[in-house]
Amino acid sequence: VGVFYLALMTLIVNWYGDLPHPAAWFHARVRGGWALVIALVFLLQAAVPFLMLLPAANRRSPPWLQAAGGCILVGVALHVAWWVGPTFQPGAMVAAVGAVIAIGAAFALGWRRLAPAAVTASEASHG
(Lines give C-alpha, C1' and ligand atoms only; values in the text may rest on other atoms or scores of the structure.)
Protein backbone atom coordinates (compact mmCIF):
# COMPACT_ATOMS: atom_id res chain seq x y z
CA VAL A 1 0.00 0.00 0.00
CA GLY A 2 2.85 2.36 0.84
CA VAL A 3 4.56 2.06 -2.53
CA PHE A 4 1.30 2.67 -4.38
CA TYR A 5 0.58 5.67 -2.15
CA LEU A 6 4.02 7.14 -2.87
CA ALA A 7 3.53 6.71 -6.62
CA LEU A 8 0.10 8.36 -6.42
CA MET A 9 1.48 11.31 -4.42
CA THR A 10 4.33 11.68 -6.93
CA LEU A 11 1.77 11.80 -9.74
CA ILE A 12 -0.31 14.42 -7.92
CA VAL A 13 2.69 16.64 -7.14
CA ASN A 14 3.97 16.45 -10.72
CA TRP A 15 0.52 17.08 -12.16
CA TYR A 16 -0.11 20.02 -9.85
CA GLY A 17 3.36 21.46 -10.56
CA ASP A 18 2.82 21.08 -14.32
CA LEU A 19 6.35 19.67 -14.72
CA PRO A 20 6.90 18.63 -18.37
CA HIS A 21 9.50 15.86 -17.97
CA PRO A 22 7.67 13.86 -15.27
CA ALA A 23 4.38 14.48 -17.06
CA ALA A 24 5.76 12.71 -20.15
CA TRP A 25 6.90 9.80 -17.98
CA PHE A 26 3.41 9.41 -16.47
CA HIS A 27 1.73 9.98 -19.84
CA ALA A 28 3.53 6.92 -21.25
CA ARG A 29 2.16 4.88 -18.34
CA VAL A 30 -1.50 5.77 -18.71
CA ARG A 31 -1.76 5.08 -22.46
CA GLY A 32 -2.86 1.75 -23.84
CA GLY A 33 -3.27 -1.07 -21.38
CA TRP A 34 -0.99 0.45 -18.76
CA ALA A 35 -3.87 2.33 -17.11
CA LEU A 36 -5.56 -1.03 -16.56
CA VAL A 37 -2.33 -2.41 -15.09
CA ILE A 38 -2.06 0.37 -12.50
CA ALA A 39 -5.73 -0.10 -11.59
CA LEU A 40 -5.02 -3.79 -11.08
CA VAL A 41 -1.98 -2.86 -8.96
CA PHE A 42 -4.22 -0.81 -6.68
CA LEU A 43 -6.64 -3.69 -6.33
CA LEU A 44 -3.94 -6.29 -5.64
CA GLN A 45 -1.77 -4.18 -3.33
CA ALA A 46 -4.44 -2.38 -1.35
CA ALA A 47 -8.12 -3.12 -1.85
CA VAL A 48 -8.20 -6.92 -2.07
CA PRO A 49 -5.80 -7.64 0.84
CA PHE A 50 -7.59 -5.06 2.98
CA LEU A 51 -10.97 -6.64 2.31
CA MET A 52 -9.58 -10.17 2.73
CA LEU A 53 -8.12 -9.39 6.14
CA LEU A 54 -10.98 -7.26 7.43
CA PRO A 55 -12.54 -10.10 9.47
CA ALA A 56 -10.52 -10.83 12.61
CA ALA A 57 -10.68 -14.59 11.98
CA ASN A 58 -8.96 -14.14 8.61
CA ARG A 59 -6.10 -12.20 10.19
CA ARG A 60 -5.36 -15.23 12.39
CA SER A 61 -5.64 -17.77 9.57
CA PRO A 62 -2.41 -18.74 7.77
CA PRO A 63 -4.17 -19.56 4.47
CA TRP A 64 -5.83 -16.12 4.40
CA LEU A 65 -2.54 -14.43 5.28
CA GLN A 66 -0.77 -16.38 2.53
CA ALA A 67 -3.45 -15.42 0.01
CA ALA A 68 -3.19 -11.75 0.98
CA GLY A 69 0.60 -11.92 0.75
CA GLY A 70 0.33 -13.55 -2.67
CA CYS A 71 -1.97 -10.75 -3.86
CA ILE A 72 0.49 -8.14 -2.64
CA LEU A 73 3.43 -9.96 -4.25
CA VAL A 74 1.67 -10.13 -7.63
CA GLY A 75 0.72 -6.45 -7.22
CA VAL A 76 4.34 -5.49 -6.59
CA ALA A 77 5.46 -7.43 -9.69
CA LEU A 78 2.83 -5.65 -11.78
CA HIS A 79 3.86 -2.30 -10.29
CA VAL A 80 7.47 -2.90 -11.33
CA ALA A 81 6.25 -3.88 -14.81
CA TRP A 82 4.24 -0.62 -14.90
CA TRP A 83 7.38 1.36 -14.03
CA VAL A 84 9.62 -0.32 -16.57
CA GLY A 85 7.34 -1.74 -19.25
CA PRO A 86 6.40 1.34 -21.30
CA THR A 87 10.08 2.06 -21.89
CA PHE A 88 10.56 -1.13 -23.92
CA GLN A 89 8.90 -2.82 -26.86
CA PRO A 90 6.08 -5.28 -26.03
CA GLY A 91 8.27 -8.26 -26.97
CA ALA A 92 10.73 -7.31 -24.26
CA MET A 93 8.03 -7.51 -21.60
CA VAL A 94 7.03 -10.99 -22.81
CA ALA A 95 10.67 -12.08 -22.58
CA ALA A 96 11.01 -10.56 -19.10
CA VAL A 97 7.87 -12.30 -17.83
CA GLY A 98 9.10 -15.58 -19.30
CA ALA A 99 12.48 -15.14 -17.61
CA VAL A 100 10.89 -14.41 -14.23
CA ILE A 101 8.68 -17.49 -14.53
CA ALA A 102 11.65 -19.64 -15.56
CA ILE A 103 13.82 -18.38 -12.70
CA GLY A 104 10.99 -18.85 -10.22
CA ALA A 105 10.34 -22.39 -11.44
CA ALA A 106 14.05 -23.26 -11.29
CA PHE A 107 14.27 -21.87 -7.76
CA ALA A 108 11.15 -23.76 -6.65
CA LEU A 109 12.36 -27.05 -8.14
CA GLY A 110 15.86 -26.58 -6.76
CA TRP A 111 14.55 -25.65 -3.34
CA ARG A 112 12.40 -28.78 -3.19
CA ARG A 113 15.40 -30.95 -3.94
CA LEU A 114 17.78 -29.15 -1.57
CA ALA A 115 15.40 -28.42 1.33
CA PRO A 116 15.18 -31.99 2.72
CA ALA A 117 18.97 -32.31 2.62
CA ALA A 118 19.38 -28.99 4.42
CA VAL A 119 16.89 -30.00 7.13
CA THR A 120 18.62 -33.34 7.63
CA ALA A 121 22.04 -31.68 7.90
CA SER A 122 20.64 -29.12 10.34
CA GLU A 123 19.07 -31.80 12.53
CA ALA A 124 22.31 -33.81 12.52
CA SER A 125 24.38 -30.84 13.66
CA HIS A 126 21.97 -29.90 16.46
CA GLY A 127 21.22 -33.54 17.26
Quiz item: Quick one: how many Å² of LEU44 are accessible to a 1.4 Å probe, rounded to 10?
Solution: 30
Exercise. Just report the Cα centroid separation between segment 1-61 and segment 68-96, whole Å.
Key: 13
Quiz item: When the chain is treated as a GNM, springs tying every alpha-carbon pair under 10 Å, which of GLY98, GLY110, GLY33 comes out with the largest mean-square fluctuation?
Solution: GLY110
Quiz prompt | With all protein chains modelled, accessible area of VAL74 [1.4 Å, Å²] | solution = 80
Quiz prompt | Within segment 1-80, trypsin sites (Lys or Arg not before Pro) in DSSP loop having at most 13 other beta-carbon neighbours inside 10 Å | solution = ARG31, ARG60
Quiz item: If you line up the long axis of helix 90-126 against the longest principal axis of the chain, both from Cα atoms, how many degrees apart are they, to the nearest 10?
Solution: 30
Quiz item: What part of the accessible area of the chain, given as a whole %, is carbon or sulfur when the probe is 1.4 angstrom?
Solution: 77
Exercise. Restricting things to alpha carbons, tell me how big the chain is in terms of Rg and Dmax, in Å.
Key: 19.7, 66
Practice problem: On a 0 to 90° scale, report how tilted helix 62-84 is relative to the longest principal axis of the chain, with both axes built from alpha carbons and the result rounded to the nearest 10. | Solution: 40
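Find the accessible area per residue for the chain; the probe is 1.4 Å, ligands and nucleic acids are left out, and the unit is Å².
For the chain, the solvent-accessible area averages 72 Å² per residue.
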Quiz item: Which shape class, rounded, prolate or oblate, goes with segment 1-55 when its Cα gyration tensor gives a ≥ b ≥ c as root eigenvalues, a/c under 1.5 marks rounded, and past that a/b bigger than b/c marks prolate?
Solution: oblate
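The values are calculated or read from the model by the stated rules, or taken from the named source; none is laboratory data. Because the structure is a prediction, the values reported are computed rather than measured. Positions of Cβ are generated from backbone atoms using ideal geometry, with glycine treated the same way; all protein chains shown enter the neighbour counts. These area figures cover heavy atoms from the full protein model, side chains too; ligands, DNA and RNA do not enter into them. Shrake-Rupley method; radii C 1.70, N 1.55, O 1.52, S 1.80 Å.
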